[in-house]
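Accompanying notes for the structure given below.
The values are calculated or read from the model by the stated rules, or taken from the named source; none is laboratory data. Remember, predicted model here, so these are calculated numbers, not experimental data. Cβ sites come from the backbone with ideal geometry, for glycine too, and all protein chains shown count toward neighbours. The accessibility values were calculated without ligands, DNA or RNA, using every heavy atom of the protein model including side chains. Shrake-Rupley method; radii C 1.70, N 1.55, O 1.52, S 1.80 Å.
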Amino acid sequence: MGSTRARIAIDAMGGDHAPAEIVAGALRAREELDVEVLLVGDPQQIEMSMKHHNASQVEVVPAEGTIEMHEEPLSGLKRKPKASINVAMELVKQGRADGVVSAGHSGAAMAAALLRLGRLKGIDRPAIGAVLPTLIASKPVLILDVGANVDCRPKFLEQFAMMGTIYSHSVLGIEEPKVGLLNIGEESSKGNDLAVRTHQMLHDNPKIPFIGNAEGRDVLSGNFDVVVCDGFVGNVLLKFAEAVGEVALHILREELPQGLHGQVGTALLKPNLRRIKQRMDHAEHGGGLLLGVAGICIISHGSSQAPSIFNAIRLAKEAVDHNVLDQIQSQYQKTEAIAPDGE
């Protein structure tokens, strides 16, 4: 593509604060992360947002409209072939971009990725992986799936575990990731039929460093590097964790400045509070990587503002730089169809 820098297509029209916050985050990433950004959407609105940042020499790719949150993903994509998410995915398909970031309709982003890019060979269902902080500083946990598949088979969860292992090792830098299965107890016999059957498959797969079940209290303990679950449970878990983080930050802001001692103490603790926010605020993590499609796709929160978009682009760049897609594909070429009976 004429450049060794990652080129990321940004769905500038997707999200509650588009395009102003999306553009702001993209321009910051362009400067600080040394990436090329392609802003996809309504040129007039994008250029108006860019004027506030004195930006120049940023490529704007025209698109028409966006998939609204109330629209059914597939029908919306078909009715609006030139919608920003469709155009952004097409840029990856054509090789003009290495990845896509969108804070728009998550279902539409996933459907567009499947329709335009397709699945990686050996992957039955893509999964959305979310990186969350743990009790151990600088040791995040990857949870997947957090919303792409509300109904799963054991085979799908096994594939999630494999992809999560590769991502944790290559991008997050964990030498030997510890993989856990989200369940209601530690024993292999605990849980529903899906959990019991999946536990056996993960245990029997030598390519997955499976250490057992992870209960709800274990997810953020730092004892696990990857936790797998179906998308229904994962999405509830993710949103609950985000809400707890927001509540904790709100309480800190509300209670610490109380009284003279609190005001003085808050001033002294500002650097510490900033670090606490970085560890707890979901905006610092950018969004989720859609693993299993033949392209890098980051799905951000609909409420994303500039900091979250910046971090989403960082996630995309890391995935590109570490060749995540090639590593997943290579692994499945070596060990394809571990469960040939199609479980």
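Out of the residues in segment 27-80 that are over 14 Å from Ala9 (Cα atoms) and among the aliphatic types (A, V, I, L, M), which is surrounded by the most Cβ atoms within 10 Å (Cβ to Cβ)?
Of everything passing the filter in segment 27-80, Ile67 is surrounded by the most Cβ atoms within 10 Å (Cβ to Cβ).
May I ask you to list the residues in segment 28-40 that are free of Cβ contacts under 8 Å to residues at least 60 places away in the same chain and either closer than 20 Å to Asn86 by Cα or under 20 Å from the mean Cα position of the chain (by Cα) (or both)?
Arg30, Glu36, Leu38, Leu39, Val40 - these are the residues of segment 28-40 that are free of Cβ contacts under 8 Å to residues at least 60 places away in the same chain and either closer than 20 Å to Asn86 by Cα or under 20 Å from the mean Cα position of the chain (by Cα) (or both).
Looking only at segment 199-219, count how many residues are surrounded by fewer than 20 Cβ atoms within 10 Å (Cβ to Cβ) and out of contact with any Asp or Glu (no Cβ under 8 Å at 6 or more places or on another chain).
Total meeting the criteria: 9.
Tell me whether segment 239-246 contains one or more residues that are touching a residue at least 12 places away in the same chain (Cβ under 8 Å), more than 22 Å from Pro126 (Cβ to Cβ) and not acidic (Asp, Glu).
Checked segment 239-246: at least one residue is touching a residue at least 12 places away in the same chain (Cβ under 8 Å), more than 22 Å from Pro126 (Cβ to Cβ) and not acidic (Asp, Glu).
Could you tell me which of the residues Ala161, Ala127, Ala111, Ala97 is of a type outside the set (D, E, K, R), within 28 Å of Leu27 (Cα to Cα) and either modelled with pLDDT of 95 or more or open to solvent by less than 10 Å² (accessible area, probe 1.4 Å) (or both)?
Matching residue, one of Ala161, Ala127, Ala111, Ala97: Ala97.
Are any residues in segment 10-26 open to solvent by less than 10 Å² (accessible area, probe 1.4 Å) and either in contact with a Ser or Thr (Cβ under 9 Å, 6 or more places away or on another chain) or without any contact (Cβ under 8 Å) to a residue 24 or more places away in the chain (or both), and if so, which ones?
Scanning segment 10-26 gives Ile10, Asp11, Ala12, Gly14, Ile22, Val23, Gly25.
Just give me the residues in segment 1-18 being on the phi < 0 side of the Ramachandran plot and under 20 Å from the mean Cα position of the chain (by Cα), in sequence order.
Across segment 1-18, the qualifying residues are Ala6, Arg7, Ile8, Ala9, Ile10, Asp11, Ala12, Met13, Gly14, Asp16, His17, Ala18.
Looking at Ala339 and the list (1) assigned to a loop (DSSP other than H, G, I, E, B); (2) aliphatic (A, V, I, L, M); (3) at pLDDT 90 or above, which single condition is not satisfied?
(3)
Anything in segment 130-169 that is in contact with a Pro (Cβ under 8 Å, 6 or more places away or on another chain) and part of a helix (DSSP H, G or I)? List them, or say none.
Gly164, Thr165, Ser168, His169 - these are the residues of segment 130-169 that are in contact with a Pro (Cβ under 8 Å, 6 or more places away or on another chain) and part of a helix (DSSP H, G or I).
For segment 1-46, enumerate the residues that are of a type in the set (D, E, K, R) and within 20 Å of Gln305 (Cβ to Cβ).
Once the filter is applied, which keeps residues that are of a type in the set (D, E, K, R) and within 20 Å of Gln305 (Cβ to Cβ), segment 1-46 yields Asp11, Asp16, Glu21, Arg28, Arg30, Glu31, Glu32, Asp42.
When you check Asp225 against the structure, is it within 24 Å of Ile328 (Cα to Cα), touching a Cys at 6+ places or on another chain (Cβ under 6 Å) and open to solvent by less than 50 Å² (accessible area, probe 1.4 Å), yes or no?
no
Which of (1) modelled with pLDDT under 75; (2) open to solvent by 80 Å² or more (accessible area, probe 1.4 Å); (3) part of a helix (DSSP H, G or I) is the odd one out, the single condition Ala283 does not satisfy?
Tallying (1) modelled with pLDDT under 75; (2) open to solvent by 80 Å² or more (accessible area, probe 1.4 Å); (3) part of a helix (DSSP H, G or I), Ala283 fails exactly one: (2).
If I filter segment 130-145 down to residues being hydrophobic (A, V, I, L, M, F, W, C) and crowded, with 24+ Cβ neighbours inside 10 Å, which single residue comes out as farthest from Leu115 (Cα to Cα)?
Filtering segment 130-145 for residues that are hydrophobic (A, V, I, L, M, F, W, C) and crowded, with 24+ Cβ neighbours inside 10 Å, the one farthest from Leu115 (Cα to Cα) comes out as Val141.
Considering every residue within segment 153-164, establish whether at least one is under 15 Å from the mean Cα position of the chain (by Cα) and more than 11 Å from Val228 (Cα to Cα).
no
Pairs under 8 Å by beta carbon, first residue modelled with pLDDT under 95 in segment 183-200, partner open to solvent by 90 Å² or more (accessible area, probe 1.4 Å) and not hydrophobic (A, V, I, L, M, F, W, C), six or more apart or different chains?
Ser188/Gln200; Ser188/His203
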